[in-house]
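Asks: Pasting in a structure now, in structure tokens, and then I'll have a few things to ask.
The values are calculated or read from the model by the stated rules, or taken from the named source; none is laboratory data. Bear in mind that the values here come from a model prediction, so they are computed numbers and not experimental data. Here the Cβ positions follow ideal geometry from the backbone for every residue, glycine too, while neighbour counts run over all protein chains shown. Ligands, DNA and RNA are excluded from the accessible area calculation, which covers all protein heavy atoms including side chains. Shrake-Rupley method; radii C 1.70, N 1.55, O 1.52, S 1.80 Å.
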Amino acid sequence: MNITSDFLVIGSGVAGLTFALNVADHGSVTVVTKKGVSECNTAYAQGGVAAVQSDIDSFDLHIKDTLAAGDGLCNREVVDHVVTHGPERVKELINLGVQFSLCDDEAHKAPGTAYDLGREGGHSEKRVLHAEDMTGREIERALVAQVKKNPQITLLEDHIAIDLITLSTRVRSGMITTTRDTACCGAYVLDKKAETVKTLSAKVTVLACGGSGKVYLYTSNPDVATGDGIAMAWRAGASVANMEFMQFHPTCLYHPEAKNFLISEAVRGEGAILRNEKGDPFMEKYDPLKDLACRDKVSRAIDTELKTSGADSVFLDISHKDPDFVKKRFPNLWRQGLKFGFDMTTDPIPVVPAAHYMCGGVATDLEGRSDIKNLFAIGETACTGLHGANRLASNSLLEALVYAHSAAKQAIEDVKNWKDTDVKLPRWDDVGATDSDEVSLLTTNWDEIRRFMWNYVGVVRSDKRLSRALSRIENIQSEIREYYWNFRVTADLIELRNIAVVAELIIRSAMKRRESRGLHYTINCPEKNDAEWLRETVLKRTLTHM
């Protein structure tokens, strides 16, 4: 089956849906999402959108905070672009129906705005707009409502992208070969319910597939976060950058029944204190900002405390604050906590670090373009240069909004200037492939990757650990390649293939950076190397098959 559209969007989070709505008046749009439309990282974002709103805040302060968090690697032009366009994008969200929380306490209201602004780690002022403690869900709700009523947008749920199609793609006998000088013209997509592969052709293709947290054993991400966009772009020949910078959120709930329950950064922003198993505060030993330090420093501090003490978790304590305030500010967290057997108004919360946000990704320019013609990457799939070595809290939704707008503006022009190449896209070829009878191989490889990535390529790294991880991933990649071309594709196989690619990219990028900076910390090079440091750890694909 062949579906043709002007714009193909792979992913249904804030970046993908915002892009789709921006281009819908200029052509047909197909949005592909591998589960339900709202099952994405956006819907799980608790904190909010960082954007200058009050009279006591400024672009200069937000830029300064972003640069400080990025530890010297942020692209200043990108930071200026995102921060200065933030308030406009927030207004667009409000016009689309997003209802951010208002401040009804005059004593705590920031001058110049009616909204209740939060302050999170690394921010010098209150500037985080939120919808209680479920901001992502509220944004996703409003965007989905607009997308579903737009006749120009076709939504394909329960469809998972397999690979991008480029002008140089040739699918022959289990081999995909690519050249660097090429253009993207769509993607192969598996209809999970019909168990058939569709060929989706488009003038512009946009990767908005979200993050890669499921590469690690412990993560705050939902099950869909398997790095699909990064892996597909890499296989097609696109460059990736800064893949060593995986942000580990310092405070995920430590509980056997809590699969990926995140305790928002905003809890520390409102005065919560991290304590060790003895009940003693410890962050003052690691950073002058104490509990409001950036995430990389807090995660390493917790990792050190756990390894030193042998404890299973540390504790996040906000029980000293007024219970009514806590319930009103964090209603969802409070209710969810009760389900797990603790009351955050009276009980310290057991927490551990977990893989959270990928600061690297597909290398893009200021308009979201990759180095493959007609292929864009936005949101967490992309490495724009905003985050540098570490993301400032709540800058992710902001980046997604700004780049979705910038990419849409450029993509509209690209579609207007698009010239028919008159190339017939090759159909998906599974001749000779059979149904798998070795499903256990998928589960075994999936578990092994996530476990050794956590142990060897986690919060603290070393040359020996990275070398071991590389050896393991190369062996697993070989097994996956053989399996992939012998059996018909399934969603599980596609995701396993993708997390293996992303894991290898993270390992190789970490091995290239011979210093500790931001989210990348190695005991072999524990200091910054300002004399020979890399602005970006760029990987360019040289393999001719995968």
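Asks: In this structure, does residue 343 turn out to be of a type in the set (D, E, K, R) and touching a Ser or Thr at 6+ places or on another chain (Cβ under 7 Å)? So that I can check it myself, show each step before the final result.
Replies: Values: of a type in the set (D, E, K, R): yes; touching a Ser or Thr at 6+ places or on another chain (Cβ under 7 Å): no.
Here the answer is no, as residue 343 does not meet what is asked.
Asks: Sticking with this one: Which one of the conditions (1) under 26 Å from residue 393 (Cβ atoms); (2) crowded, with 24+ Cβ neighbours inside 10 Å; (3) β-branched (Val, Ile, Thr) does residue 522 fail to meet, given that it meets all the rest?
Replies: Only one criterion is unmet by residue 522, namely (2).
Asks: Residue 530: modelled with pLDDT of 90 or more and not basic (Lys, Arg), yes or no?
Replies: Numbers: modelled with pLDDT of 90 or more: no; not basic (Lys, Arg): yes.
Taking the combined requirement at face value, the residue does not satisfy it.
Asks: Mind checking which pairs have a first residue in the stretch 316-341 that is closer than 17 Å to residue 274 by Cβ and of a type outside the set (A, V, I, L, M) and a second that is assigned to a helix (DSSP H, G or I) and open to solvent by less than 70 Å² (accessible area, probe 1.4 Å), Cβ under 6 Å, 6 or more apart or different chains?
Replies: From residues that are closer than 17 Å to residue 274 by Cβ and of a type outside the set (A, V, I, L, M), there are no pairs.
Asks: For the stretch 492-503, state whether one or more residues are in contact (Cβ under 8 Å) with a residue 40 or more places away in the chain and over 24 Å from residue 241 (Cα atoms).
Replies: Filtering the stretch 492-503 down to residues in contact (Cβ under 8 Å) with a residue 40 or more places away in the chain leaves 492-503.
Of the ones still in play, those that are also over 24 Å from residue 241 (Cα atoms) are 492-493.
For the stretch 492-503, residues in contact (Cβ under 8 Å) with a residue 40 or more places away in the chain and over 24 Å from residue 241 (Cα atoms): present.
Asks: So if I check each of 17, 61, which one is touching a Leu at 6+ places or on another chain (Cβ under 8 Å) and hydrophobic (A, V, I, L, M, F, W, C)? Outline the logic, then answer.
Replies: On the way: 61 fails: touching a Leu at 6+ places or on another chain (Cβ under 8 Å).
It is 17.
Asks: Right, something else. Would you check if residue 353 is in contact with a strand residue (DSSP E or B) (Cβ under 7 Å, 6 or more places away or on another chain), more than 30 Å from residue 77 (Cβ to Cβ) and not aliphatic (A, V, I, L, M)? Walk me through it before giving the result.
Replies: Values: in contact with a strand residue (DSSP E or B) (Cβ under 7 Å, 6 or more places away or on another chain): yes; more than 30 Å from residue 77 (Cβ to Cβ): yes; not aliphatic (A, V, I, L, M): yes.
The answer is yes for residue 353.
Asks: Let me ask you something else. Take residue 12 and tell me if it is closer than 30 Å to residue 253 by Cα, modelled with pLDDT under 95 and open to solvent by less than 10 Å² (accessible area, probe 1.4 Å). Don't jump to the end; show me each part of the working.
Replies: Values: closer than 30 Å to residue 253 by Cα: yes; modelled with pLDDT under 95: yes; open to solvent by less than 10 Å² (accessible area, probe 1.4 Å): yes.
Yes, satisfied.
Asks: So is residue 420 farther than 26 Å from residue 221 by Cβ, in a loop (DSSP other than H, G, I, E, B) and either open to solvent by 10 Å² or more (accessible area, probe 1.4 Å) or without any contact (Cβ under 8 Å) to a residue 40 or more places away in the chain (or both) or not? Give the derivation first.
Replies: Details: farther than 26 Å from residue 221 by Cβ: yes; in a loop (DSSP other than H, G, I, E, B): yes; either open to solvent by 10 Å² or more (accessible area, probe 1.4 Å) or without any contact (Cβ under 8 Å) to a residue 40 or more places away in the chain (or both): yes.
For residue 420, the condition - farther than 26 Å from residue 221 by Cβ, in a loop (DSSP other than H, G, I, E, B) and either open to solvent by 10 Å² or more (accessible area, probe 1.4 Å) or without any contact (Cβ under 8 Å) to a residue 40 or more places away in the chain (or both) - is met.
Asks: Testing residue 489 on (1) surrounded by fewer than 23 Cβ atoms within 10 Å (Cβ to Cβ); (2) modelled with pLDDT of 95 or more; (3) of a type outside the set (S, T, N, Q); (4) within 19 Å of residue 227 (Cα to Cα), one condition comes back false. Which one is that?
Replies: (2)
Asks: Taking the stretch 267-311 as the search range and keeping residues that are on the phi > 0 side of the Ramachandran plot and part of a loop (DSSP other than H, G, I, E, B), which one is surrounded by the fewest Cβ atoms within 10 Å (Cβ to Cβ)? Steps first, answer last, please.
Replies: If we filter the stretch 267-311 for residues that are on the phi > 0 side of the Ramachandran plot, which is where we start, we get 271, 279, 290, 310.
Going one step further and asking which of them are part of a loop (DSSP other than H, G, I, E, B), we end up with 271, 279, 310.
On the way: 271: 14, 279: 9, 310: 7.
It comes out as 310.
Asks: Using the structure shown, decide if residue 454 is modelled with pLDDT under 95, in a helix (DSSP H, G or I) and closer than 27 Å to residue 305 by Cβ. Please lay out each step first, then the result.
Replies: Working: modelled with pLDDT under 95: yes; in a helix (DSSP H, G or I): yes; closer than 27 Å to residue 305 by Cβ: yes.
Taking the combined requirement at face value, the residue satisfies it.
Asks: For the stretch 246-266, give me each residue that is outside any loop (DSSP other than H, G, I, E, B) and either without any contact (Cβ under 8 Å) to a residue 12 or more places away in the chain or farther than 14 Å from residue 353 by Cα (or both).
Replies: Step one: filter the stretch 246-266 for residues outside any loop (DSSP other than H, G, I, E, B), giving 246-253, 262, 265-266.
Within the stretch 246-266, 266 is the sole residue that qualifies.
Asks: In this structure, does residue 241 turn out to be within 26 Å of the chain's Cα centre (by Cα) and within 30 Å of residue 167 (Cα to Cα)?
Replies: Numbers: within 26 Å of the chain's Cα centre (by Cα): yes; within 30 Å of residue 167 (Cα to Cα): yes.
Spelling it out, residue 241 is indeed within 26 Å of the chain's Cα centre (by Cα) and within 30 Å of residue 167 (Cα to Cα).
Asks: Answer with yes or no whether residue 60 is in a loop (DSSP other than H, G, I, E, B), open to solvent by 20 Å² or more (accessible area, probe 1.4 Å) and of a type in the set (D, E, K, R). Before you say what the answer is, go through the steps one by one.
Replies: On the way: in a loop (DSSP other than H, G, I, E, B): no; open to solvent by 20 Å² or more (accessible area, probe 1.4 Å): yes; of a type in the set (D, E, K, R): yes.
No; evaluated as a whole, the condition is false for this residue.
Asks: Now for a separate question. How many residues are in a helix (DSSP H, G or I), open to solvent by less than 20 Å² (accessible area, probe 1.4 Å) and more than 17 Å from residue 415 (Cα to Cα) if we restrict to the stretch 17-42? Give the derivation first.
Replies: Of the residues in the stretch 17-42, the ones in a helix (DSSP H, G or I) are 17-26, 41-42.
So of that shortlist, the ones also open to solvent by less than 20 Å² (accessible area, probe 1.4 Å) come out as 17-20, 23-24, 42.
Filter once more, keeping what is more than 17 Å from residue 415 (Cα to Cα): 17-18, 42.
Going through the stretch 17-42 one residue at a time, the tally reaches 3.
Asks: Also, quick follow-up: So in the stretch 74-109, with the set limited to residues that are open to solvent by 20 Å² or more (accessible area, probe 1.4 Å) and in contact with a strand residue (DSSP E or B) (Cβ under 8 Å, 6 or more places away or on another chain), which one is nearest to residue 365 (Cα to Cα)?
Replies: Kept after step one, since they are open to solvent by 20 Å² or more (accessible area, probe 1.4 Å), are these residues of the stretch 74-109: 75-77, 80-81, 84-85, 87-88, 91-92, 94-97, 99, 101-102, 104-109.
Filter once more, keeping what is in contact with a strand residue (DSSP E or B) (Cβ under 8 Å, 6 or more places away or on another chain): 101-102.
On the way: 101: 34, 102: 36 Å.
Per the stated criteria, the residue is 101.
Asks: Output the number of residues of the stretch 63-73 satisfying the condition of being surrounded by fewer than 15 Cβ atoms within 10 Å (Cβ to Cβ) and of a type outside the set (Lys, Arg). Working first, answer last.
Replies: Looking only at the stretch 63-73, we keep the residues that are surrounded by fewer than 15 Cβ atoms within 10 Å (Cβ to Cβ), and these are 64, 72.
Add one more test, that the residue is of a type outside the set (Lys, Arg), and what stays is 72.
Adding up the residues that qualify gives 1.
Asks: Condition check: crowded, with 19+ Cβ neighbours inside 10 Å, on the phi < 0 side of the Ramachandran plot and modelled with pLDDT of 95 or more. Does residue 128 satisfy that? Give the steps one after another, and end with the answer.
Replies: Numbers: crowded, with 19+ Cβ neighbours inside 10 Å: yes; on the phi < 0 side of the Ramachandran plot: yes; modelled with pLDDT of 95 or more: no.
No, not satisfied.
Asks: Scan the stretch 355-398 residue by residue and report those that are more than 30 Å from residue 451 (Cβ to Cβ), in contact (Cβ under 8 Å) with a residue 12 or more places away in the chain and surrounded by fewer than 24 Cβ atoms within 10 Å (Cβ to Cβ).
Replies: Once the filter is applied, which keeps residues that are more than 30 Å from residue 451 (Cβ to Cβ), in contact (Cβ under 8 Å) with a residue 12 or more places away in the chain and surrounded by fewer than 24 Cβ atoms within 10 Å (Cβ to Cβ), the stretch 355-398 yields 366, 367, 369, 371, 373, 374.
Asks: Further question on the same structure: For the stretch 475-483, does any single residue satisfy the condition of being farther than 27 Å from residue 369 by Cα, part of a helix (DSSP H, G or I), β-branched (Val, Ile, Thr) and open to solvent by less than 20 Å² (accessible area, probe 1.4 Å)? Talk me through it step by step, then tell me what you get.
Replies: Of all residues in the stretch 475-483, those farther than 27 Å from residue 369 by Cα come to 475-483.
Now drop any that are not part of a helix (DSSP H, G or I), which leaves 475-483.
Now narrow it down to the ones that are β-branched (Val, Ile, Thr): 476, 480.
Now narrow it down to the ones that are open to solvent by less than 20 Å² (accessible area, probe 1.4 Å): 476, 480.
Yes.
Asks: In the stretch 225-240, which residues are surrounded by fewer than 24 Cβ atoms within 10 Å (Cβ to Cβ) and not in a helix (DSSP H, G or I)?
Replies: Scanning the stretch 225-240 gives a single hit, 239.
Asks: Name the residues in the stretch 512-532 that are touching an Asp or Glu at 6+ places or on another chain (Cβ under 6 Å) and not in a loop (DSSP other than H, G, I, E, B), would you?
Replies: First, the residues of the stretch 512-532 that are touching an Asp or Glu at 6+ places or on another chain (Cβ under 6 Å): 513, 517-520, 524-525, 528-529.
Those that are touching an Asp or Glu at 6+ places or on another chain (Cβ under 6 Å) and not in a loop (DSSP other than H, G, I, E, B): 517, 520.
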